[in-house]
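The structure under discussion appears below in the form of structure tokens.
The values are calculated or read from the model by the stated rules, or taken from the named source; none is laboratory data. In this text, all values refer to a predicted model and were calculated from it rather than measured experimentally. No Cβ is skipped: glycine too gets one built from the backbone with ideal geometry, and neighbour counts run over all protein chains shown.
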Amino acid sequence: MPREVIASVVRVPWHSTHGGYDRLLDYLPETRRIGPPSTPLARSLASVGHLVGRRLCPLPFYPARHFATDIRILADPRPAHVLYGDEQFWFSQHRTAPTAVTYHQPARHLARLLPSATWRSLLPRAAHVITLDPTQQAFFADHLPEQRVHLVPHGIDTAAFRPGQPLQPGNRPMVLTVGWWLRDWDVLDAVHWRLHRRYGDEVDLVVVTREAAAHRWHPAVRVLENVAEPVLVDLYQRAAAVLLPLIDATANNALLEAMACGAPVVATDVGGISSYTGSAALLTEPGDPVAATEAVESLLAETGTAADRARRAAARARAEQFAWPAVAEQVRDVYRKLVADQ
């Protein structure tokens with residue numbers, strides 16, 4: 001690539017070590033990361049500037065570290081990639097060098113994030129927009145020429161998230177749920193009640209989430225917080241079913257992690273979920289706890305059988321299509337366009 005591209009990065013604190021969109025840059029070594037300032041003085045100045053800047057920014061989530069990163073790339077003359085446009089692309093819209101922006105939230109959420117007039121003003125400032133699923137791509141195609149809107153999927157570290165030793169017949173099967181954002185807690189609660197009523201303590205119900213205190217869980221549910229990545233990988237590997245009831249989604253980190261670990265998945269057919277799973281997961285209609293319960297029960301019945309092994313192999317094979325090296329090559333193609341725009 002003839003010119004260096006910089007990337008505006010803020011590490012999402014609840015992602016695991018090898019999870020999250022910024023892992024993309026591990027496979028783009030020619031790209032320089034630009035993050036929040038590292039010295040105490042620079043951080044103090046950024047905090048003071050944020051007191052003013054926050055009032056001028058309509059993004060609902062725009063903390064000091066996002067503001068500081070946004071400002072750092074504003075005056076940089078090199079082409080740039082803003083990795084989390086939903087939270088980082090505001091003041092940097094006024095930079096003179098061309099900018100690519102990746103958005104992560106579903107189309108309906110984006111429509112509520114900013115007024116239509118603000119989107120119409122903001123988006124033309126981006127030379128290119130990277131989207132994560134077809135429904136999200138359609139949202140941006142209403143605001144930009146189609147040659148400036150690129151569908152590049154989210155990736156997954158298939159070395160860190162990998163199959164292990166699945167649950168063996170005779171052991172207590174685990175139904176695992178991971179995450180918190182845009183989860184359908186009503187459906188999850190209903191499925192937990194139904195499963196416990198039928199199986200009692202013969203099924204282990206586990207939830208890994210950062211929202212444990214904000215919800216009333218079924219008494220039989222084990223709720224885990226601040227789980228280290230090796231423990232999370234082990235949970236995925238041993239799960240008889242990973243249940244992901246969703247309100248909406250583009251990509252979903254937990255979905256990709258589970259499939260990469262070869263876990264059988266039940267997820268809600270919303271947003272971009274089917275574009276990531278293909279036929280490698282069981283998808284149910286939104287808001288349907290009966291269908292979700294039946295799907296989980298079908299996986300419990302298969303545990304340890306040839307059908308279970310085939311399902312796990314299919315999940316892993318599907319996840320390998322989203323391995324970061326392949327995704328990085330698609331992003332590199334966007335970078336070439338970005339450099340050509342300068």
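Restricting the search to helices (runs of 4 or more DSSP H) fully inside segment 1-120 and requiring at least 2 residues that are touching a helix residue (DSSP H, G or I) at 6+ places or on another chain (Cβ under 8 Å) and among the acidic types (Asp, Glu) gives 85-88. Here are the criteria: (1) over 24 Å from ASP248 (Cα atoms); (2) buried (at least 16 other Cβ atoms within 10 Å of the Cβ); (3) touching a residue at least 40 places away in the same chain (Cβ under 8 Å). Tell me which single one GLU302 does not satisfy. Going through the list (1) over 24 Å from ASP248 (Cα atoms); (2) buried (at least 16 other Cβ atoms within 10 Å of the Cβ); (3) touching a residue at least 40 places away in the same chain (Cβ under 8 Å), GLU302 breaks only (3). A single entry from VAL290, VAL296, VAL327 fulfils the requirement of being outside any loop (DSSP other than H, G, I, E, B) and not assigned by TED's automatic domain parsing to the domain that holds LEU243: VAL327. Residue pairs whose Cβ atoms lie under 7 Å apart, sitting 6 or more positions apart in sequence or on different chains, and linking a residue in segment 121-137 that is touching a residue at least 24 places away in the same chain (Cβ under 8 Å) and in the same structural domain as ALA100 (by TED's automatic domain parsing) to a partner that is surrounded by fewer than 20 Cβ atoms within 10 Å (Cβ to Cβ) and basic (Lys, Arg), are ALA127/ARG148; HIS128/ARG148; HIS128/LYS337; VAL129/ARG148. Output the residue which, of all residues in segment 165-218 that are touching a Pro at 6+ places or on another chain (Cβ under 9 Å) and of a type in the set (Asp, Glu), is farthest from LEU244 (Cα to Cα). So, considering only residues that are touching a Pro at 6+ places or on another chain (Cβ under 9 Å) and of a type in the set (Asp, Glu), the one farthest from LEU244 (Cα to Cα) is GLU202. The set of residues in segment 291-307 that are modelled with pLDDT of 95 or more, under 15 Å from ALA239 (Cα atoms) and among the charged types (D, E, K, R) contains only GLU297. Just a yes or no: is a residue in segment 304-319 assigned to a helix (DSSP H, G or I) and hydroxyl-bearing (Ser, Thr, Tyr)? No, segment 304-319 has no match at all. The single residue among GLU202, GLU146 that is touching a Lys or Arg at 6+ places or on another chain (Cβ under 7 Å) and of a type in the set (Asp, Glu) turns out to be GLU202. The condition of being surrounded by fewer than 19 Cβ atoms within 10 Å (Cβ to Cβ), modelled with pLDDT of 90 or more and in contact with a Ser or Thr (Cβ under 9 Å, 6 or more places away or on another chain) holds for only one of LEU56, LEU51, LEU74, that being LEU74. Considering segment 250-273, and only residues there that are in contact with a strand residue (DSSP E or B) (Cβ under 8 Å, 6 or more places away or on another chain) and assigned to a loop (DSSP other than H, G, I, E, B), the residue that is surrounded by the most Cβ atoms within 10 Å (Cβ to Cβ) turns out to be ALA263. Looking only at segment 274-292, residues that are under 20 Å from VAL191 (Cβ atoms), touching a residue at least 60 places away in the same chain (Cβ under 8 Å) and buried (at least 22 other Cβ atoms within 10 Å of the Cβ) come to 1 in all.
Exactly one residue among ALA220, ALA190 is of a type in the set (Gly, Ala, Ser), surrounded by 15 or more Cβ atoms within 10 Å (Cβ to Cβ) and not in a helix (DSSP H, G or I), and that residue is ALA220. When segment 193-217 is filtered for residues that are loosely packed, with under 12 Cβ neighbours inside 10 Å, in contact with an Asp or Glu (Cβ under 9 Å, 6 or more places away or on another chain) and either basic (Lys, Arg) or not assigned by TED's automatic domain parsing to the domain that holds PRO286 (or both), only ARG216 remains.
Consider LEU25 carefully, then state whether it is aliphatic (A, V, I, L, M) and over 25 Å from GLU257 (Cα atoms). It is false that LEU25 is aliphatic (A, V, I, L, M) and over 25 Å from GLU257 (Cα atoms). The condition (being of a type in the set (S, T, N, Q) and more than 30 Å from TRP180 (Cα to Cα)) is satisfied by just one residue among GLN105, GLN147: GLN147.
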